[in-house]
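What follows is a short report on a single structure.
The values are calculated or read from the model by the stated rules, or taken from the named source; none is laboratory data. These numbers come from a predicted model, not from an experiment. FYI the Cβ positions are ideal-geometry reconstructions off the backbone, even for glycines, and counts take in every protein chain you see. Areas reflect the complete protein model, heavy atoms only, side chains present, ligands, DNA and RNA absent. Shrake-Rupley method; radii C 1.70, N 1.55, O 1.52, S 1.80 Å.
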Amino acid sequence: MSMIKTIETTPYAGQKPGTSGLRKKVTEFTRVHYLENFVQAIFNMLGDCQGKRLAVGGDGRYYNRQAIQIIARMAAANGFSKLLIGRDGILSTPAMSCIIRKYGTDGGIILSASHNPGGPDADFGVKFNGANGGPAPEAVTEKIYRHTLTIDKYLTIEADEIDLERIGRSELGGMEIEIIDPVADYADLMASIFDFEKISQLLTNRRFHMCFDAMHAVTGPYARTILEEQLGAEPGTVINGAPSESFGGIHPDPNLVHARELVERMNGDAPLAFGAASDGDGDRNMVLGSGFYINPCDSLAVLAANAGLVPKYQEGLAGVARSMPTSRALDRVARVLEIPCYETPVGWKYFGNLMDADKITICGEESFGTGSSHVREKDGLWAVLFWLNIIVKSRKPARSIVREHWSQFGRDYFTRHDYEGLDAGRAGEMISRLREGVSGLPGRQAGELSIQAADDFTYTDPVDGSVSEEQGVRIFFNDGSRAVFRLSGTGTSNATLRLYCDKYETDPALLGLDTQRMLAQSLQAAGEVSNMAEFTGRTAPDVIT
Ligand code: G1P
Ligand code: ZN
């Protein structure tokens, strides 16, 4: 047994987990005791760690490996009996959720800042997932935060670095270390959900060509194993498949701007049949048909509507859920399927309780997140396999599947406008003003529209009754369109304002039009009500999705 060392420390301000864990610049995380304080706060939240088991892994970004070494020594000193670690320190976020559930660990620590860029001058993040495999709920992250405010010491041991490259068991200061294959358990789980035989027939068909862009991030090894090796897709189907510490210098964010190479392949002279991309830690997905962008809100609704084609969901769905700003396309499917549809605040952590209580099977967010109760995280590759399963079973291309969906259910035009790098004070003031004036908005004219209803979204968890307030200001206009304002909780510098807008159309002549044009009037009205130009000093958003 190595000597346990007690290291004195003092609290750092600002270690409050956001929408998805603690995200900061690497330069902040590498300050003396910074990471250690946060990790010890997690352990303190867990209470007595004697005999507890933990999984650890990350998206391979800069500082991933060093952080694992630090966490391992601290875990040994805190009395954990076992640490499961993905080989090379790699575990995608959904794979982590799978591992926690499969091996029944007491939780897991994910090292990732998701789609934020990586590298010595970029971002890093730490997220704690509980024994159900899902992100810690607000009550838990609050506890962790409170520990960071009073922390005065942490425990560690002096020990040699662990070898992250070799699969197998070893020992560190009395604690067992097991390095596991990061892909195998996850791949088995996927094979238990989807019709691999049918999908393999599709992927080995010479006329079907697809591309999966791993964006130099964590899904490379997963997609190569599952799509190319197990399902027989032609080699080269997975592009940018080697995880790199700086994600090849790009934002590992699967959208039309950052997945440029994929978008070119989907739109050229000989466009591929299907395209997809995932983000830094593998929980997001963007899916594309030939020359056809599929909005994540539509993708979620299409998956729910066609779930019966997937072996695992053949018996039907218990219910579905979406984050509040996500379009209401899912609600329309739920109505037809006669199943409940829940509306939660932004962030995956709110879905966990609903899944644990068997209230929902499938859920998603507009921010390229879709998932199901097979794990407690959103899951990028799962969504891609789901689409492939639907394509092969329905014998229709992705584009036709979406168009037919619109014909049946109507179309919810949706867009999100992000205003980045704003002065945090001004952006906060804008939201506060909106919030304070929200009850006076109904009846007011805004541009060409009038406001029918408005509120600041409050969520009461139907399982444990916990209440989450101030989750975004919603404005409903008289033409059925809706605008939502909220500030991002995942950024690492300044403030990002998100304006979400959606509008429902059923007229067959209005189903295939340009989204920005269809929503222009509502966006204009939203801008006017909020005095956005004045508060942000901007006339146009930085990113439109
Ligand atoms: C963003 C997305 C949200 C998602 C989160 C983590 O959070 O909007 O849907 O759950 O990233 O991937 P935000 O920056 O808006 O707080
Ligand atoms: Zn992510």
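Values computed for the structure shown
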quantity	calculated
Selection status of Arg482, within 16 Å of ligand 1 (Cβ to nearest atom) and modelled with pLDDT of 95 or more	no
Residue identified as out of contact with any Phe, Trp or Tyr (no Cβ under 9 Å at 6 or more places or on another chain) and under 26 Å from Arg486 (Cα atoms) among Asp331, Asp298	Asp331
Exclusive hit being open to solvent by less than 30 Å² (accessible area, probe 1.4 Å) and out of contact with any Asp or Glu (no Cβ under 9 Å at 6 or more places or on another chain), set Ile199, Ile177, Ile250	Ile199
Helices (runs of 4 or more DSSP H) wholly inside region 124-203 that include at least 1 residues being over 30 Å from Asp464 (Cα atoms) and not small (Gly, Ala, Ser)	184-193, 196-203
Failed criterion for Gln516 (all others in (1) within 30 Å of Glu404 (Cβ to Cβ); (2) open to solvent by 30 Å² or more (accessible area, probe 1.4 Å); (3) part of a strand (DSSP E or B); (4) not charged (D, E, K, R) hold)	(3)
Some residue of region 438-448 being away from ligand 1 (no atom under 16 Å from the Cβ), of a type in the set (A, V, I, L, M) and assigned to a helix (DSSP H, G or I)	yes
Complete set of residues in region 369-389 that are open to solvent by 10 Å² or more (accessible area, probe 1.4 Å) and more than 19 Å from Ile226 (Cα to Cα)	Ser373, Arg376
Selected residue (only one of Gln408, Gln471 is open to solvent by 20 Å² or more (accessible area, probe 1.4 Å) and assigned to a loop (DSSP other than H, G, I, E, B))	Gln471
Any hit, region 234-242, residues being part of a helix (DSSP H, G or I), of a type in the set (Val, Ile, Thr) and on the phi < 0 side of the Ramachandran plot	no
Single residue of region 13-35 satisfying the filter (open to solvent by 30 Å² or more (accessible area, probe 1.4 Å) and not in a loop (DSSP other than H, G, I, E, B)) that is farthest from ligand 1 (Cβ to nearest atom)	Thr27
Residue in region 277-295 that is more than 16 Å from ligand 2 (Cβ to nearest atom), assigned to a helix (DSSP H, G or I) and not acidic (Asp, Glu) present	no
The one condition in (1) in a helix (DSSP H, G or I); (2) under 30 Å from Val140 (Cβ atoms); (3) of a type outside the set (Lys, Arg) that Ala509 fails to fulfil	(2)
Residue ID - nearest to ligand 2 (Cβ to nearest atom), chosen from residues in region 70-100 that are within 22 Å of Glu158 (Cβ to Cβ) and open to solvent by 10 Å² or more (accessible area, probe 1.4 Å)	Ile70
Residue ID - surrounded by the most Cβ atoms within 10 Å (Cβ to Cβ), chosen from residues in region 101-117 that are modelled with pLDDT of 95 or more and assigned to a loop (DSSP other than H, G, I, E, B)	Ser112
Some residue of region 70-85 being without any contact (Cβ under 8 Å) to a residue 24 or more places away in the chain and not aliphatic (A, V, I, L, M)	no
